[in-house]
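Peer 1: One structure is given below, represented as structure tokens, and several questions about it will come after.
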Amino acid sequence: MTAKARALSQQAPRPLTDSTAPAQDRDLGPHLKRIRQEKKLTLQAVSDRCGVARSTLSKIENNLISPTFDLLQRLAVGLEIDLSQVFSPDGGDAPAGRRSITRAGSGDVVETSEYLYQALATDLRAKKMFPLKATIRARTVEEFGGWVKHDGEEFLYVLSGEIRLYTEYYEPTLLKAGDSIYLDSRMGHACVSTGPEDAEVLWVCTQVTL
């Protein structure tokens, strides 16, 4: 392991209260607040369930900060909802044989200065996988938000551009358009664009459940 990789492996994740990028494309904060209130949960109750500071939850609900994907997963657990409901209030369970089509440019979007997530198939609940298209704007691990860790596994396929994927136990890996990687999500990981253009990737994660 190189000195740089070793330093990254020892780097603590950025505190959840440090993110200051504003949400841009949707009313995410009020949507999450509405879900919490409908479930008659206090901010402290959600905080206790998902391990996110009460003050951070309040800032998210008021659109003062934008949560990372890792944090969105934790919020879904704390609110006892399917991750798809974080992105979209519509949709529901369906019988066997169900399917979902997401037309180009129609996915629910969460956007910050570091990334843009376009969630796919958000009309289906209780999915075993959570697919999204991501535009990676970060050029450093610090800009990305530090290590991301969560339960499950994930698959990443580079659609355009180049990325460097940092992982907790391996050397940084350069991935170009057409390359892909499958990894254990419990291992710290971070993704940055390396080319002049922001890279676009297809990201598929297993669902996080209670």
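The values are calculated or read from the model by the stated rules, or taken from the named source; none is laboratory data. Computed from a prediction, not measured in an experiment: that's the story for all the values here. Cβ coordinates were reconstructed from backbone atoms using ideal geometry, including for glycine residues, and neighbour counts include every protein chain displayed.
Peer 1: Any residue at all in region 157-174 that is surrounded by 15 or more Cβ atoms within 10 Å (Cβ to Cβ) and touching an Asp or Glu at 6+ places or on another chain (Cβ under 6 Å)?
Peer 2: So far as region 157-174 goes, yes, one or more of its residues are surrounded by 15 or more Cβ atoms within 10 Å (Cβ to Cβ) and touching an Asp or Glu at 6+ places or on another chain (Cβ under 6 Å).
Peer 1: Please work out which residue is nearest to Ile35 (Cα to Cα), limiting yourself to region 78-126 and to residues that are in a helix (DSSP H, G or I) and modelled with pLDDT of 80 or more.
Peer 2: Checking each candidate, the answer is Leu79.
Peer 1: Quick check on this structure: which one of Val141, Val148, Val201, Val192 is in contact with a Gly (Cβ under 8 Å, 6 or more places away or on another chain), over 18 Å from Gln85 (Cα atoms) and β-branched (Val, Ile, Thr)?
Peer 2: On inspection, the qualifying residue turns out to be Val148.
Peer 1: For Val192, indicate whether it is buried (at least 20 other Cβ atoms within 10 Å of the Cβ), farther than 19 Å from Leu72 by Cβ and touching a strand residue (DSSP E or B) at 6+ places or on another chain (Cβ under 8 Å).
Peer 2: Yes; evaluated as a whole, the condition is true for this residue.
Peer 1: Within region 119-169, how many residues are without any contact (Cβ under 8 Å) to a residue 24 or more places away in the chain and over 13 Å from the mean Cα position of the chain (by Cα)?
Peer 2: Result for region 119-169: 1.
Peer 1: Okay, moving on. Could you please give the count of residues in region 8-53 that are modelled with pLDDT under 50 and exposed (fewer than 11 other Cβ atoms within 10 Å of the Cβ)?
Peer 2: Looking only at that region, the number is 3.
Peer 1: Shifting gears a bit: When only residues in region 127-156 that are β-branched (Val, Ile, Thr) and part of a strand (DSSP E or B) count, which is surrounded by the most Cβ atoms within 10 Å (Cβ to Cβ)?
Peer 2: That would be Ile136.
Peer 1: Has region 175-189 got any residue that is crowded, with 19+ Cβ neighbours inside 10 Å and either at pLDDT below 85 or within 20 Å of Ser66 (Cα to Cα) (or both)?
Peer 2: Checked region 175-189: at least one residue is crowded, with 19+ Cβ neighbours inside 10 Å and either at pLDDT below 85 or within 20 Å of Ser66 (Cα to Cα) (or both).
Peer 1: Go through region 191-210 and count every residue that is in contact (Cβ under 8 Å) with a residue 60 or more places away in the chain and either touching a helix residue (DSSP H, G or I) at 6+ places or on another chain (Cβ under 6 Å) or not β-branched (Val, Ile, Thr) (or both).
Peer 2: Of the residues in that region, 9 qualify.
Peer 1: Restricting to region 167-189, give me the number of residues that are part of a strand (DSSP E or B) and touching a Ser or Thr at 6+ places or on another chain (Cβ under 8 Å).
Peer 2: 6
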